[in-house]
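What follows is one structure encoded as structure tokens, with my remarks underneath.
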Amino acid sequence: MNAQFAPATFAAAEPAAPQASTAEVQIDIRNVGKVYDSKATHQAVVALDGVSLRIKKGEFISLLGPSGCGKSTLLSIIAGFQSASSGQILQNGRPISKPDASRTVVFQDYALFGWMTVQQNVEFGLKAKGLPKAERADIARSLIKTVHLAGFEDKYPHQMSGGMKQRAAIARALAPDPDILLMDEPFGALDAQTRVLLQEEIARISTEAGKTVIFVTHGIDEAVFLADRVVVMSPRPGRVRDEVLVPLPRPRTAEMRSDPWFVSTVKDLWETLKPEWQKGD
Amino acid sequence: MEAEADAGRLPVETMRPRFTMIQNAFAGRPMRAAVGLTAFFAIWQAVTQLNLVDGFLLPSPVAIAEALWQLALDGSLWVHLGASLQRVAVGFLFACVVGLALGLICGWWRTVSDYVRPVIEALRPIPPLAWIPITILWFGLGDAASYFLVFLGAVFPVFIATYTAIRGLDRNQMNAALCLGAKPWQLFTDVLIPASLPIILPGLRIALGVGWMCVVTAELIAAQTGLGYLIQQSRMLFQINNVVAGMVTIGLIGFAMSAILERIERRVNAWAPSERS
């Protein structure tokens with residue numbers, strides 16, 4: 001593929017680092033490994049093995065791979081929910097050790113607070129920041145408008161469809177104005193049409209907001225459509241296998257799905273990933 | 001809305017339009033409860049009035065109502081009821097404090113629970129009745145003994161409900177709160193507590209019911225006031241009407257407590273799937 005690189009060279013060339021200056025690298029994943037001890041079988045499961053990746057500020061990264069390739073584990077380590085067994089992840093040069101409002105997460109199952117209205121859900125991170133009530137309400141309302149949920153401020157999650165819930169969850173994640181948005185198969189539980197709509201929406205929002213996004217998915221077209229760079233991972237143990245730079249301009253629009261480059265890249269990726277996908281099942 | 005939903009479940013009724021009005025009046029749950037209770041007492045009255053059962057062995061509802069009226073008039077009903085309610089309140093409060101705290105701690109820290117839960121599970125099967133001798137030894141006859149027995153009855157349901165609720169918390173929701181920058185206090189009050197109330201509140205309701213049974217048990221043996229004492233004393237005086245009057249009071253009060261708590265639950269947990277049937 002077009003932009004393959006050996007992670008080791010980056011680690012070694014750190015002091016000099018001519019082409020990628022450390023200033024613009026926001027997330028620096030250095031040789032991260034994750035091993036789970038399975039108590040039942042007394043066997044260590046290697047979920048991640050020597051993963052290195054540098055993510056620039058404002059970049060949209062898709063982590064693509066079959067189930068079991070450790071992409072969600074990697075995201076959860078970046079979020080600070082879990083710690084790496086080896087290696088480390090730096091954010092602006094500082095190691096990540098716990099969750100922080102500069103890195104918010106959108107979950108596949110939305111993880112909305114069911115006892116709160118949409119408005120209260122979106123305000124949660126602002127309340128944590130200690131913003132005064134009126135300001136909180138204003139920011140939340142404008143974000144709810146951004147995700148096209150205006151009018152649903154006082155609804156509870158159980159009164160809304162899956163797509164609307166995920167819109168609310170996206171607004172909630174954007175509310176604390178994070179540097180990095182982490183999305184863990186956010187559209188995996190949605191029907192095909194809603195998924196396409198939300199893909200276009202997230203393409204628009206991420207471009208407007210200028211956030212760094214790490215988007216975990218097993219959908220090839222979704223990964224290519226959204227990302228500046230698709231990082232392909234392979235399973236057992238989870239490794240970075242390939243990288244694809246996406247030359248399509250931003251913001252991404254629906255027509256780009258029929259762009260010849262897009263079509264052939266998705267097809268090529270599918271051809272290379274097929275054997276692994278089949279093995280995974 | 002409830003009436004509509006219920007009507008939808010009974011398509012047979014729609015074929016008999018002239019019953020619709022009556023049916024609507026009986027569709028509400030409180031109304032059905034009233035009908036059920038009235039029927040129960042009516043059958044009871046009929047059975048005693050027709051002398052199918054000896055009136056001395058089972059007094060009729062009318063006779064019991066008279067006895068209750070007399071007890072209310074001379075004030076003894078209120079004294080006994082007040083004493084029982086006060087005891088169950090104090091014991092239940094202690095049970096809530098201890099049960100909630102222990103449940104939270106054991107639910108949150110697995111290691112602590114590994115040490116503590118076997119002890120609790122070994123104490124739990126001992127019925128409060130079996131605790132009475134040692135309770136009297138420790139606390140003598142009086143309020144303290146009743147508090148302790150109510151506590152014993154109520155603390156386990158509170159603990160189990162709290163433990164289960166904390167254990168069942170959605171990991172993703174906790175993580176979502178953490179990555180949004182929640183401080184420990186916000187995590188506790190805005191996430192942990194509301195997320196666990198759908199399981200904790202029914203536990204509290206069950207605990208209060210058990211506590212109410214325990215207070216009567218305690219008063220039968222280890223007290224000089226209360227509904228349990230009223231029953232015991234009336235038995236010795238062969239005032240069977242008063243015995244059953246005491247029992248009926250216990251039943252109705254327990255029913256009322258449970259109904260009130262259930263109401264609160266519905267309101268607090270309106271968002272939860274379990275309350276949306």
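The values are calculated or read from the model by the stated rules, or taken from the named source; none is laboratory data. Quick caveat, the model's predicted, so the values are computed rather than measured. Here the Cβ positions follow ideal geometry from the backbone for every residue, glycine too, while neighbour counts run over all protein chains shown. These accessible areas exclude ligands, DNA and RNA; they are computed on the full protein's heavy atoms, side chains included. Shrake-Rupley method; radii C 1.70, N 1.55, O 1.52, S 1.80 Å.
Along Cα→Cβ, 7 Å out, is where each label goes; now give me the distance between the ones at B:Val112 and B:Ala89 in nm to one decimal. The modelled label-to-label distance comes out at 3.0 nm.
Note the full-extension length gain between A:Gln88 and A:Ser102 as 0.36 nm times their separation in residues minus their Cα-Cα distance, in nm to one decimal.
So the chain would gain 3.3 nm between A:Gln88 and A:Ser102.
Taking the convex hull of the alpha carbon positions in segment B:183-277 and averaging its projected area over all directions gives 8.2 nm². Over segment B:104-171, Cα pairs under 8 Å with separation of 6+ residues give a relative contact order of 45 percent.
On average, how much accessible surface per residue is there in chain A, in Å², for a 1.4 Å probe, leaving out ligands, DNA and RNA? Can you show the working numbers first?
Values: 12630 Å² over 281 residues.
Using a 1.4 Å probe on heavy atoms only, each residue of chain A averages 45 Å².
Relative contact order, whole percent, for chain A stands at 25, derived from Cα pairs under 8 Å and 6 or more residues apart. FRET efficiency for the pair B:Ala130 and B:Val98, taken as 1/(1 + (r/R0)^6) with r the Cβ-Cβ distance and R0 = 25 Å, rounds to 0.80. Computed from the C-beta positions of B:Val35 and A:Glu24, the FRET efficiency with R₀ = 60 Å rounds to 0.20. What fraction, in whole percent, of alpha-carbon pairs in the protein assembly as shown exceed 38 Å separation? Summing the P(r) of the protein assembly as shown above 38 Å gives 50 percent of all pairs. Our compactness index for segment A:125-252, the C-alpha radius of gyration over the empirical 2.2 N^0.38 Å, is 1.15. In the elastic network of chain A, a GNM with C-alpha springs shorter than 10 Å, the most mobile of A:Glu59, A:Glu222, A:Glu153 is A:Glu153.
First compute the accessible area of segment B:74-275 with a 1.4 Å probe, then give the percent of it belonging to carbon and sulfur atoms.
Numbers: 7000 of 9750 Å².
The C+S portion of the solvent-accessible surface of segment B:74-275 is 72 percent.
In debye, nearest 20: dipole of the protein assembly as shown around its Cα centre with unit charges on the Cβ of K, R (+) and D, E (-)? Kindly include the intermediate steps, with their values, before the conclusion.
Numbers: 51 positive and 48 negative charges, 63 e Å.
Computed charge dipole of the protein assembly as shown: roughly 300 debye.
Both radii come from the Cα set of segment B:74-275: Rg as radius of gyration, Rh as Kirkwood radius; their ratio Rg/Rh reads 1.06. Among B:Thr217, B:Thr164, B:Thr38, determine the one that fluctuates most according to a GNM of chain B built with springs between C-alpha atoms less than 10 Å apart. Between B:Thr217, B:Thr164, B:Thr38, it is B:Thr38 that shows the largest mean-square fluctuation. Placing dummy labels 7 Å off each Cα toward the beta-carbon, the span from B:Ile105 to A:Lys155 is 4.4 nm. Computed over chain B, relative contact order equals 21 percent, with contacts defined as Cα pairs under 8 Å that lie 6+ residues apart.
Using 28 Å as the Cα-Cα cut-off, could you pick out the over-long pairs in A:Lys165/A:Lys267; A:Lys98/A:Lys155; A:Lys129/A:Lys165; A:Lys71/A:Lys274; A:Lys145/A:Lys267? Could you put the intermediate results ahead of the total?
On the way: A:Lys165/A:Lys267 32 Å; A:Lys98/A:Lys155 32 Å; A:Lys129/A:Lys165 23 Å; A:Lys71/A:Lys274 17 Å; A:Lys145/A:Lys267 36 Å.
From A:Lys165/A:Lys267; A:Lys98/A:Lys155; A:Lys129/A:Lys165; A:Lys71/A:Lys274; A:Lys145/A:Lys267, over 28 Å: A:Lys165/A:Lys267; A:Lys98/A:Lys155; A:Lys145/A:Lys267.
What FRET efficiency would be calculated for the residue pair B:Asn51, B:Phe139, taking the C-beta separation as r and a Förster radius of 56 Å, to the nearest 0.05?
Numbers: r = 46 Å, r/R0 = 0.82.
After rounding, the FRET efficiency stands at 0.75.
Less than 5 angstrom separates the built amide H of A:Gln26 from those of A:Ile55, A:Lys56, A:Lys57, all sequence-distant by 5 or more or on a different chain.
For chain A, the Cβ-based charge dipole about the Cα centre amounts to some 540 debye (Lys, Arg positive; Asp, Glu negative; other atoms uncharged).
About the centre of its Cα atoms, segment A:186-281 shows a dipole size close to 280 debye [charges on the beta carbon of Lys, Arg (+1) and Asp, Glu (-1) only; nearest 20 debye].
Dipole orientation for segment B:74-275: of the candidates B:Val112, B:Ile206, B:Trp138, B:Val112 has the Cα lying most toward the positive pole (charges on Cβ; Lys, Arg +1; Asp, Glu -1).
If you run the Gaussian network model on chain B, springs between alpha carbon atoms under 10 Å, then out of B:Met213, B:Met236, B:Met247 the most flexible one is B:Met236.
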